[in-house]
Structure formats: structure tokens, C-alpha cells
Amino acid sequence: MNILKLRILMMIDKFHKATDVAEALQIKQPTVSFHMKSLEKELGVSLFVSQQGRIMLTETGKKLLPYAKQMVALEQEARQTVNEHAEQSQGQLHIGAESISGTYVLPSMMAKFAQQYPECQIRLEIQSPDKVRQLLKQGEIDFAFLNDGEYSSEHTVVEPVASDRIGVIRSMSMEYTSKPMDALGPEMLDKGTWVRYSGSSVVDPYSSLIKPHLEMNSWEALRQVVSNGEALAFFPACGVLRNEGSDVPSVEWLPWPHAEGQNERYHINLLYLRDTNLSMVQQAFLDFTRIEGLEDQRS
């Protein structure tokens, strides 16, 4: 008993003519007649009867009808589920992020998402906050990841997904790593050798406190400079603490308790345009990010 035979049973009950059923199903009329007889033979009962030029269901056919409708509905539901999963798995995501989240938060998150949706094509674009905002506004990216204060639009939905802090990094090999935290007091702003991130970021209010000896627009390059010398740098905690599992920790992150008027804690936020009809893969990524964000807050 296949689905086509059951569909024909349902259509006969609706149209009462084999020609009309054939037209509705886009098959030939002899094919309809063949499947009608095949179904009767398969079940060993009479399901159809001709009355005044119309094909009607017998009492047995009427008993079968509700089951036929359920089976056809289940087949449609199963097909829809499979198609939705295929669409969800094979979609595309275009994500824009500022430098901190794009370098230290999103890579691991995207790797986990890609494991769940291996057919999904994901593109990450790391740009300045202004450029990311522009890309989101123009609809060129699906989601944006920006820090506190890097957005303002009534047409944008903002959801915090991670919390982070700003502090100081120093090399693990520096001679004063064993000294207490007071060794990094305010006097170090003038005495220390500082490296500054030259791009726009949430660290800017801290970086303005120092006179850097070296500037660069790569967080990882900055980290390498600090790890190989005696320099200091204001740095997001996620760039160090999220990589604690590395074989040899090269830098140490320390809180900076002397930042008067500065908020050491900030949020990394997920942004998308309000009133946007999200595709299935976009909704899947949004739900995934919310869960990952909750786990991040707990850790």
C-alpha cells in the first residue's frame, strides 16, 4: 500500500471521476484506474463503485478513508521535516565582528556550530565597529558582534552573549611575575614599556592612559610582542583566559584595579536587524548563540 494509492482514494472521494483525479495528480487516467484496482486487489476488498457515471467509495472504502488521510498527512509531515533539516543544514551565514569577538569568541563558537551543521557555509568578516555596523545596516551580513557602546539603532535587536573584562597582560617570563599585584600600580603607566592596539575597540579608554612605545592593529601580534619581552598592554581577558588550555601559556592576564571612572567589565553583543524574517539556518545560529552565551555566563 503506497502513498499514491491512498491519495487516489482521497481524490476519488473528492472528485468522483478518474479523469479529474488524474488531472489533479498530473498523471494519466489509465494510471489512476490501475492503482484503484491494485489497491482493491492488495486489500482483497471492493473500495470503489460506479453510480450514475460517478465513482463512489464503498462502505469499506469509507472506513479506509480516515486512515488514508492520516497516512498521507504523516508522509507530508515527514517530507517537510526532512526538507527543513536539509535547508537548515545547507544554508549560508555571513557574520561580521569587531576585532575582539572576531578573534577570541567567535572562532570556537563557529566551530561548534559547524559540527552540528556541516553543510552550512559560514563566513566571518572582522572589521572595525563602524564597518560592521554599516554592513549590518546594508543587509550585507546576517549578524553582527559588537561590544558595549558600539551600536545605536532603533531598527536593531541587541542581545548580550558574553561578558568580559579589561586588564593588563605581561610576559610569563618577566622577572616580576612573582611580585604581588601592587607591582602593577598606576606608576607603571609612566614607567612601563607599553604596547597599544591601534584599532578601534572597547579597550580605547584604557589605552588613552598610556604613551605606547609600539602600536599595532592585531591583537595576536600585540600578544606576541608582550610574550617575548618586558612590555605591558591593556588586553581583553577573553584573549588569554579562553586559551588556558594551550600547551605553554605565554602571557599572564591581570586585572587593573586603578582605572578610575572606567568600567573594566563589558558585554559582547549579538546584533541583527529588527523585523527581519530569519531563515532556518539563521534562526538555528541565533538559538545556538543564545545557549552558548548562557554557558559562557555560567563559566
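The values are calculated or read from the model by the stated rules, or taken from the named source; none is laboratory data. Just so you know, these numbers come straight off a predicted model, no measurement behind them. Heads up, the Cβs are rebuilt from the backbone with ideal geometry, glycines too, and the neighbour counts pull from every protein chain shown. These area figures cover heavy atoms from the full protein model, side chains too; ligands, DNA and RNA do not enter into them. Shrake-Rupley method; radii C 1.70, N 1.55, O 1.52, S 1.80 Å.
Filtered by the rule that a residue be more than 11 Å from the chain's Cα centre (by Cα) and outside any helix (DSSP H, G or I), the stretch 102-120 gives P118, E119. In the condition set (1) open to solvent by less than 30 Å² (accessible area, probe 1.4 Å); (2) at pLDDT 85 or above; (3) under 27 Å from S198 (Cα atoms); (4) small (G, A, S), A284 is compliant with all but (3). Would a scan of the stretch 256-272 turn up a residue that is assigned to a loop (DSSP other than H, G, I, E, B), at pLDDT 80 or above and either surrounded by fewer than 16 Cβ atoms within 10 Å (Cβ to Cβ) or in contact with a Cys (Cβ under 7 Å, 6 or more places away or on another chain) (or both)? No, every residue in the stretch 256-272 fails to be assigned to a loop (DSSP other than H, G, I, E, B), at pLDDT 80 or above and either surrounded by fewer than 16 Cβ atoms within 10 Å (Cβ to Cβ) or in contact with a Cys (Cβ under 7 Å, 6 or more places away or on another chain) (or both). Scanning the stretch 150-199 for residues that are part of a loop (DSSP other than H, G, I, E, B), closer than 30 Å to Q283 by Cα and modelled with pLDDT of 80 or more returns a single hit, H155.
Criterion first (not aliphatic (A, V, I, L, M) and not in a helix (DSSP H, G or I)) does R223 satisfy it? No; evaluated as a whole, the condition is false for this residue. If the condition is being in contact with a Gly (Cβ under 8 Å, 6 or more places away or on another chain) and not β-branched (V, I, T), then the stretch 187-219 contributes N217, W219.
Beta carbons closer than 8 Å, at least 6 apart along the sequence or on distinct chains, pair a first residue in the stretch 18-44 that is free of Cβ contacts under 8 Å to residues at least 40 places away in the same chain and more than 11 Å from L4 (Cα to Cα) with a second that is hydroxyl-bearing (S, T, Y) and surrounded by 14 or more Cβ atoms within 10 Å (Cβ to Cβ) for A18/S33; A22/T31.
Scoring K62 on the criteria (1) open to solvent by less than 80 Å² (accessible area, probe 1.4 Å); (2) under 30 Å from R7 (Cα atoms); (3) charged (D, E, K, R) leaves a single failure, condition (1). Being touching a Leu at 6+ places or on another chain (Cβ under 7 Å) and either of a type in the set (V, I, T) or under 30 Å from A284 (Cβ atoms) (or both) holds for only one residue in T60, T81, and it is T60.
S46: modelled with pLDDT of 95 or more, of a type outside the set (A, V, I, L, M, F, W, C) and either within 30 Å of A221 (Cα to Cα) or open to solvent by less than 90 Å² (accessible area, probe 1.4 Å) (or both), yes or no? Criteria met by S46.
If you go through the stretch 49-59 and keep only what is of a type in the set (S, T, N, Q) and either open to solvent by 50 Å² or more (accessible area, probe 1.4 Å) or in contact with a His (Cβ under 7 Å, 6 or more places away or on another chain) (or both), you end up with S50, Q51, Q52. From the list R123, R133, the lone residue that is open to solvent by 60 Å² or more (accessible area, probe 1.4 Å), in contact with a Phe, Trp or Tyr (Cβ under 7 Å, 6 or more places away or on another chain) and at pLDDT 90 or above is R133. Under the condition of being open to solvent by less than 10 Å² (accessible area, probe 1.4 Å) and either of a type in the set (F, W, Y) or under 24 Å from K131 (Cβ atoms) (or both), the residues counted in the stretch 220-237 number 5. Could you tell me which residue of the stretch 208-219 is nearest to the chain's Cα centre (by Cα), considering only residues that are surrounded by fewer than 17 Cβ atoms within 10 Å (Cβ to Cβ) and under 16 Å from G102 (Cα atoms)? Among them, the one singled out is S218.
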